[in-house]
Amino acid sequence: MKMLFRLIAMVFLLCTITIAFAQDKAISFSNLPDKAKTFLKKYFSGAEIITITMDTEYIFKKEYEVVLKSGSKIEFDSDGIWEKIKMKGMAVPVQIIPSTISQYIRKSFPNTFVKEIIRERKGYEVEISNGLDLEFSREGEFIRVDD
């Protein structure tokens, strides 16, 4: 019984510590990873940055979120590689989107643009301006319309 109590207490303590360290912290542009700074300078050089936050999860894992004046958001992993781009009222810069995905969308859904793109282990999730959510493989091959 004492062993069970100790185990529960240790799990509770670990969860409490993890939650205490998992918080958003405002940072400056200079504190972003170099890859994230380069990405923002290349694709969003004219955009005004409103806030940059660093979220520490599980004590070691860091994620960064950049919010632009337009309301658009870009999320980066701890290495500064983009994970999610969500544009407000405009298209995700076409140079960021893998060419096979761009070509598929241009051919299959003319007169639309990419509003949001999420890079995941298994591939990409893309929301286009007509409201459809599309799934693509890591190689950019169309998988399905997500409902």
Quick one: would you say GLU125 is modelled with pLDDT of 95 or more, assigned to a strand (DSSP E or B), over 19 Å from LEU32 (Cβ atoms) and within 13 Å of the chain's Cα centre (by Cα)? yes
Looking only at the range 116-123, decide whether some residue is of a type outside the set (Ser, Thr, Tyr), farther than 25 Å from LYS62 by Cβ and free of Cβ contacts under 8 Å to residues at least 60 places away in the same chain. no
Name the pairs: first residue in the range 134-146 and touching a residue at least 24 places away in the same chain (Cβ under 8 Å), second residue among the hydrophobic types (A, V, I, L, M, F, W, C) and outside any strand (DSSP E or B), Cβ to Cβ under 7 Å, at least 6 apart or on different chains? PHE136/ILE101; GLY140/ILE101
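Just checking, does the range 84-100 include any residue being hydroxyl-bearing (Ser, Thr, Tyr), out of contact with any His (no Cβ under 7 Å at 6 or more places or on another chain), without any contact (Cβ under 8 Å) to a residue 60 or more places away in the chain and assigned by TED's automatic domain parsing to the domain that holds SER137?
The initial filter retains those residues of the range 84-100 that are hydroxyl-bearing (Ser, Thr, Tyr), namely 99-100.
Those still in the list that are out of contact with any His (no Cβ under 7 Å at 6 or more places or on another chain) too: 99-100.
Filter again for without any contact (Cβ under 8 Å) to a residue 60 or more places away in the chain, leaving 99-100.
From what is left, the residues that are assigned by TED's automatic domain parsing to the domain that holds SER137 are 99-100.
Within the range 84-100, one or more residues are hydroxyl-bearing (Ser, Thr, Tyr), out of contact with any His (no Cβ under 7 Å at 6 or more places or on another chain), without any contact (Cβ under 8 Å) to a residue 60 or more places away in the chain and assigned by TED's automatic domain parsing to the domain that holds SER137.
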Within 22 Å of GLU135 (Cβ to Cβ), aliphatic (A, V, I, L, M), at pLDDT 95 or above and not assigned by TED's automatic domain parsing to the domain that holds GLU139: does that describe ILE74? yes
Failed criterion for ARG106 (all others in (1) touching a Pro at 6+ places or on another chain (Cβ under 9 Å); (2) over 19 Å from PRO33 (Cα atoms); (3) not β-branched (Val, Ile, Thr) hold): (1)
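The values are calculated or read from the model by the stated rules, or taken from the named source; none is laboratory data. As the structure is a prediction and not an experimental result, all values here were calculated from the model. FYI the Cβ positions are ideal-geometry reconstructions off the backbone, even for glycines, and counts take in every protein chain you see.
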